[in-house]
1. Hey, what do the phi angles of the range 263-269 turn into as Karplus ³J(HN,Hα) couplings, whole Hz, using 6.51/-1.76/1.60 and θ = phi - 60°, x for Gly and Pro?
2. Expressed as a whole percentage, what fraction of the accessible surface of the chain belongs to carbon and sulfur atoms when a 1.4 Å probe is rolled over the protein heavy atoms?
3. Which of the lysines could be linked to K302 by a straight reach, that is with a Cα gap under 24 Å, when you skip same-chain ones fewer than 8 residues away?
4. If you average the sequence gap of Cα pairs under 8 Å that are 6 or more apart and divide by the length of the chain, what percent do you get for the contact order?
5. Placing unit charges on C-beta atoms (Lys and Arg positive, Asp and Glu negative, everything else neutral), compute the dipole magnitude of the chain about its Cα centre in debye, rounded to 20.
6. From the list [x] 20.9, 65; [y] 35.1, 105; [z] 18.9, 61, can you say which value of Rg and Dmax of the Cα atoms in Å was derived from the structure given?
7. Distance from a point 7 Å along Cα→Cβ of A140 to each backbone N in the range 56-98: keep the residues under 19 Å and list them by number.
8. In what sequence, highest mean first, do 271-278, 182-189, 55-62 appear when ranked by Cβ atoms within 10 angstrom?
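The values are calculated or read from the model by the stated rules, or taken from the named source; none is laboratory data. Just so you know, these numbers come straight off a predicted model, no measurement behind them. Here the Cβ positions follow ideal geometry from the backbone for every residue, glycine too, while neighbour counts run over all protein chains shown. Accessible surface areas use protein heavy atoms only, side chains included; no ligands, DNA or RNA. Shrake-Rupley method; radii C 1.70, N 1.55, O 1.52, S 1.80 Å.
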Amino acid sequence: MKPSRVTSALTIALAVLLSGCEDTPAGPERHTEAPADAAQAYRGAFDASYTFEAAVFDIAAAPDGSILVAQNTTVKEIDRKGHVGEVITVPTVAGSPINGLEAIGRRSFFATSGGQDAAVGAGLWRVSAGVARKVVDIEAFEQTHDPDVSVWKDARCEEPEFTAGPQSNPYHLVALSGNEALVADAAGNALLWGKSNGEVGWVAVLTPPTDESGDYRVLKTQADGTDCYVQPVPTSVAIGPDGAYYVGELTGATAEGLPIGLSRVWRIEPGARNVVCPSAACEVVISGMTSVIDLAFGPDGKLYVLEYDENSWLAPFIPSVPLGGGTINRCDVGTGRCDAVVQRLTLPGAITFDKWGDLWIVENNITAPTVHRVNLR
């Protein structure tokens, strides 16, 4: 598998398992004090829960207070009275789920469809008045431009089951307006922008995590001596109170073992285009995370960072590695300090804040999706 894939169900993780994955490295130091009974504490934080029948990769808060839920290719809604109803089924390419949602009005939203091999099906959709339109052909853009390859990646660095060349998996997104959005392209290792008129380009290309010497971490070396690097895998994007773009990473597998403590959160200057991270326009503001799957700024101005599992996103697929539990962290992007506010989650996939400032989360996002409202007060 291609480590940056993060496609539907994440089950393709099985193909990246390396011989060094049997041991679980120690995680990064955290600024947190876990409660005596953390499991009870986190369960007690939920004050509403809703179950769904198929994989849920994103949720989004609408202006009226309802919560949109992407269940495979069907978008559902939890209304203000707690009733669940269907909004629309998006006609994606077969096998491409809705990976990202961002509300722009009452039952109006942007959505991303996940890319299959060679970026097939990757797109940005706009839904309004009961009609779904694919407004940006990310598949065509990636096949033509391939931003990460133009910066650092060797296009041949694909696992055998994927075509050597352009790959794309648009994941979570954020709206800049009712007609423009930013998209975290997990398989493309880039933050993209797209408009309702079909225009598309790249904001930034993320580069691999580095080793103690400051060199890109090597995943493997091909027979001809070409190094293939650990991939950054952008999964999430949020706009901060300062107008900057904040991007979170999942981080691909490593040659040494599980990718623990390698995930970063980047800050990209507002309005930036065609920048490379790191650079003057793009810097790391939070480091030492593991498998960041979503970001959201809260009403308190803090950045809430969701980690899929403390033993990495690979843990569910390696019998010898126990789940460490997912975490919601409250972070100060000015100091880089993070405090865990909810712990021991089971494979959480997305977070969002509603109009009243309440935090929502999807847990067990693949096998038994449940959307919770979290009481942080």
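1. 6, 10, 10, 9, 10, 10, 4
2. Values: 6630 of 13870 Å².
Carbon with sulfur: 48 percent of the solvent-accessible area.
3. Result set, ordered by chain and number: K355.
4. Working: 1071 pairs, mean separation 65.6, N = 377.
Computed over the chain, the figure is 17 percent.
5. On the way: 27 positive and 46 negative charges, 227 e Å.
It works out to roughly 1100 debye.
6. [z]
7. 91-94
8. Working: 271-278: 16.2, 182-189: 30.4, 55-62: 25.8.
For the peptides 271-278, 182-189, 55-62, the packing ranking is 182-189, 55-62, 271-278.
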